[in-house]
Amino acid sequence: MTSWYYANLVLIQATFVSLLTALSIQVPIRVGVFSFAGIGSYAVGAYFTAIALIRYQLPTVVAILGGMAVAVVVSYLLSLVLARLRGLYLGMATIAYVLIIAVVIVNGGEFTGGPNGLYGVVSGFQTWMLIVLAAVALALIAYSERGTLGRRIDAVREDPELAVSMGIPVVRIRRLAFVASAVLGSLAGSCAVLLRRTVTPEDVSFHLVVLMLTIIIVGGSRSWAGVALGAVIFTWLPTVLHVIEEWKTIAYGVLVTLAAVWVPDGVWGLITKGYRAVRRRGRPGPSGVDSTADAGPAEPGPLAGIAARGGEAR
C-alpha cells in the first residue's frame, strides 16, 4: 500500500487539487450562477502564494490566507459588477475575467515570472495537509446540500423569483456563492504551487476551465459526490488511456460527448437514480402490491419544503 501511495503521489495530489478547483465552479452553479471566476481565484491564490514565499519569505499560512483574502475581495467586487448578468452572458464574462488575469500574469515581467512562471517555491506543506483541507471543504459543502440551507439553495437555482417572494435572500446567497468559490479556488491554487513548487501561465490557462467544466458535467453538478467522482475519473483516466496514446484525445472527447448526451445528470446522478430504482422495486406496497405500480404524488420541490416551515425561509 505504501509503495502504491508513493508511486502515485503526483496523481493523488492532482486529484485533490482538481477536486477543490472543480468545487469552486460547482458551488455557484448550484445556486444558478454560471460562473468560472473560481479559475481566476485559482490563479490569484497560486501566484500570490508563490510571490509571497519567493519574494518576501512570508510564512506559508500567511501566504495561503493572503491569497484567499485577495481572491475574495476581487470576486466580491466582480459579483457587484456582474450582478445584472445571467446564464451564458455571465459565463462568458467570467471567462473573460480568467483570460484577463492570464494576460496580466504573462506580462507581469520579473514580478510574476512572465511566460516562464515562478520556480523554487519552498515550504513545509505536505500531501496529508492537502487531503485534510479537501476533507474539511467537502464536509462544509455536504452540509450546505442538506436541511433548510440546501432547500434554500435549490429554490434559488430552480425559481429565483418565487424564492424572493418567499423571503429567501437570493442576491445575498449568490454573492456568498461567489465568495465561497473564491476561497475554494484560491486554496486549490495555493496547494498546487506549494506541492509542485512552481507555477506557470500554462497552469492557469483556458484549458483549466475546460477540464473543470468537464469534471462537473461528467461527474454531476448537483452534488459534491459527483464532483469528487469526476475529479477521480479525469485525473486517472489519462494513465488508463496511455495504451492508445495516438487516439487518447479522440477517446477523451467521445467519452465526454457521450456522458453529456446520455447522462445529463452526470455519473453520480445515474448511480443515484439506479439506487433509488432498486430500493423502490424491493419495497412492497400496501396489501403486498409492489410500490412501483403506483408511485403516488411527485416528491415536493425545495420551495414546498420551505413553505411547509413558514418562517424558516426568512
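The values are calculated or read from the model by the stated rules, or taken from the named source; none is laboratory data. Predicted model only: the values in this text are computed from it and were never measured. In this analysis, Cβ positions are derived from the backbone assuming ideal geometry, glycine residues included, and neighbour counts consider all displayed protein chains.
The set of residues in the stretch 81-106 being farther than 20 Å from Leu213 by Cβ and free of Cβ contacts under 8 Å to residues at least 12 places away in the same chain consists of Val81, Arg84, Val103, Val104. Would you call Ile29 at pLDDT 95 or above and either more than 28 Å from Ala228 (Cβ to Cβ) or assigned to a helix (DSSP H, G or I) (or both)? The answer is no for Ile29.
Residue pairs whose Cβ atoms lie under 8 Å apart, sitting 6 or more positions apart in sequence or on different chains, and linking a residue in the stretch 1-25 that is within 12 Å of Ile215 (Cβ to Cβ) to a partner that is outside any helix (DSSP H, G or I), are Ile25/Ser35; Ile25/Phe36. Could you look through the stretch 68-92, keep only residues that are modelled with pLDDT of 85 or more and touching a Leu at 6+ places or on another chain (Cβ under 8 Å), and pick out the one that is surrounded by the most Cβ atoms within 10 Å (Cβ to Cβ)? Among residues in the stretch 68-92 that are modelled with pLDDT of 85 or more and touching a Leu at 6+ places or on another chain (Cβ under 8 Å), the one surrounded by the most Cβ atoms within 10 Å (Cβ to Cβ) is Met68. Just one of (1) more than 20 Å from the chain's Cα centre (by Cα); (2) within 29 Å of Val62 (Cα to Cα); (3) buried (at least 22 other Cβ atoms within 10 Å of the Cβ) fails for Gly185. It is (1). Here Tyr143 meets the list (1) buried (at least 19 other Cβ atoms within 10 Å of the Cβ); (2) aromatic (Phe, Trp, Tyr); (3) within 16 Å of the chain's Cα centre (by Cα) almost entirely, failing just condition (1).
Tell me, yes or no, whether the stretch 106-121 has at least one residue that is surrounded by 13 or more Cβ atoms within 10 Å (Cβ to Cβ), aromatic (Phe, Trp, Tyr) and part of a helix (DSSP H, G or I). Looking for residues that are surrounded by 13 or more Cβ atoms within 10 Å (Cβ to Cβ), aromatic (Phe, Trp, Tyr) and part of a helix (DSSP H, G or I), one finds none in the stretch 106-121, hence no. For Pro302, the stated conditions hold: it is touching a Lys or Arg at 6+ places or on another chain (Cβ under 6 Å) and either at pLDDT below 80 or closer than 30 Å to Val164 by Cβ (or both).
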